[in-house]
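K.L.:
Can you keep this structure in mind? I'll have questions shortly.
Quick note: the coordinates plus some simple rules give every number you see, no bench work behind them. Keep in mind it's a predicted model, so treat the numbers as computed, not measured. All Cβ positions, glycine included, derive from the backbone under ideal geometry; neighbour counts span all protein chains shown.
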Amino acid sequence: MRAVENDLPAYPFSGSGNGYDERIAPLRAAGPVSRVELSGQPVWLVTGYAEVQSVLVDTRFSLARSTEPHIPRLGTFEPPAGMITITDPPQHTRLRKLVTKVFTLRRLEQLRPRVQEVVDGLLDRLATISPPVDLIEHFAAPLPLEIICEMLGVPAADRSRFQDWTERLMTIAGRSRDEVQAGWTRTAEYIGGLVVEKRRDPTDDLLSLLAAARDEGDQLNEEELVLFGLALLVAGHDTTKNQLANSVVALLAEHPDQWRRLVERPDLVPSAVDELLRYVPMFGYDVTFPRVATANVELGGQTIEEGDTVIVSLSSANRDAAAFDAPDAFNPERTDNRHVAFGSGIHRCLGAHLAKIELEVGLGCLIRRFPQLRLATDDLQWKSDVFIRGLHELPVTW
């Protein structure tokens, strides 16, 4: 049994939730695995690239146990138990096997022309609006929402509902737990209604295909279908929306020379997207879901005991000099970019390839159509207390 620990640094170190905290770098330099306090309880914070990778691929670190009531977590952010993103083998193995039959690389790549069509339509409309224009409202948000809703078979008239719902359920603070849980419940109830329709009248969409997916007589039940649809909707919309907008900010505000370089060298856009995924923090407080050790594990010179809670910082791993040359520099020509923005191991994001398609097509076309794009304000307002890092709006002009 671990002795009582006092005077641990409280995590998150910053209350803003605006992404990568500079205080993590010296912590990582002192040791890749540190003891901190989360929600009043001691936990392990893993910051080194190799150690983060180890936690992500080691099934002795349970995600399913993170839903237990006594486990510390980031504020009110609490996904429902049974969602594929927080399950362990063998349940996760079964779900993933069923899902990958219809969520293949080939099927996702077939969506590229449709992504191109949606992007072209959004940019055509953007060009008719007198600047300044909120790039999130008119481009970054509708692009992934349109694609994921089409994939799931969500009727066009219902798609605007998800903006408010996802805002609620991705909240870490500022709303009551009941309000946040109401967001999860409302979204799940809507998807549950869709599942019933797809069972009765299947079409060529992802929910219908998942409803029909079988493995040696096994089948996704209604609850699993709802939770998987919920995971897809959240991960396929909010993350890509904010990553696209935040990438534009990183280029225009921090590296305008690299924006001009991409205007001149559009062939660099795919590698630039990977570099932006490495360089731009995706999570508001740097860390993802907590994990619970199911056995004693030696990691980074520390002994993590069975029952200990572990949190990993993907942003820190992506800035580790042991894994990347000049990690704090943005280099769109970086090769062998083994970033962990999409995670690793059995829980690596299923929609990673779709996200990259949307980011490549979206950013590439935006640069081509609006090469003189620039920020319309220096006073960007970041959302506070949210799981996925994002802005309230992104005013741009050209």
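K.L.:
Give me Glu393, Glu109 ranked fewest to most by other Cβ atoms within 10 Å of their Cβ, as a rough exposure proxy.
P.N.:
Numbers: Glu393 17, Glu109 12.
By the 10 Å Cβ count, ascending: Glu109, Glu393.
K.L.:
Hey, which aspartates and glutamates would be in cross-link range of Lys101, C-alpha to C-alpha under 16 Å, not counting anything within fewer than 8 residues on its own chain?
P.N.:
Within the straight-line cut-off, Lys101 pairs with Glu109, Asp204, Asp205, Asp215, Glu216, Asp218, Glu224.
K.L.:
Right, something else. Which far-off residues, 5 or more places away or on another chain, put their amide H under 5 Å from the one on Ala376, with H placed in the peptide plane?
P.N.:
For Ala376, the qualifying residues are Val396, Thr397.
K.L.:
Antiparallel DSSP bridges in the chain: what percent, to the nearest 5? Display every interim value, and only then the final one.
P.N.:
Details: 23 of 28 bridges.
So the antiparallel bridges in the chain amount to around 80 percent.
K.L.:
Ok, one more. For every helix of n ≥ 4 consecutive DSSP H residues, a contribution of -39,500 (n - 2.57) applies; sum these over the chain, divide by its total residues, and give [θ] at 222 nm rounded to the nearest 500 deg cm²/dmol. Walk me through the intermediate numbers first.
P.N.:
Numbers: 14 runs with 167 residues, N = 398.
Result for the chain: -13000 deg cm²/dmol, rounded to the nearest 500.
K.L.:
Calculate log10 I(q)/I(0) of the range 10-397 for q = 0.07, 0.09, 0.13 Å⁻¹, where I(q) comes from the Debye formula with a single equal point scatterer on each Cα and nothing for solvent.
P.N.:
One equal scatterer on each Cα of the range 10-397 leads to -0.31, -0.52, -1.14.
K.L.:
Further, regarding this structure: Determine which lysines satisfy two conditions relative to Lys97: a Cα distance under 28 Å, and not lying fewer than 8 residues away in the same chain.
P.N.:
Reachable lysines: Lys198, Lys241, Lys356.
K.L.:
On to the next question. Please build a GNM for the chain, connecting alpha carbons under 10 Å apart, and tell me which residue among His255, His339, His347 fluctuates the most.
P.N.:
Checking each option, the largest mean-square fluctuation is seen for His255.
K.L.:
While we're looking at this one, here's another question. So what's the projected area for the range 109-210, the Cα convex hull averaged over all directions, in nm²? Please report the intermediate quantities before stating the final value.
P.N.:
Details: hull surface 33.5 nm².
Mean shadow area of the hull around the Cα atoms is 8.4 nm².
K.L.:
Turning to a different aspect of this structure: Which GluC sites (Glu not before Pro) in the range 175-228 pass both tests, a DSSP loop state and at most 15 other beta-carbon atoms within 10 Å?
P.N.:
Working: sites: Glu179, Glu189, Glu197, Glu216, Glu222, Glu223, Glu224; in loops: Glu216.
Loop-located and lightly packed - Glu216.
K.L.:
Another question about this same structure. Can you list the aspartates and glutamates whose alpha carbon is less than 18 Å from that of Lys383, not counting same-chain residues fewer than 8 positions off?
P.N.:
Asp21, Asp134, Glu137, Asp164, Glu167, Glu179, Asp238, Asp286, Glu393
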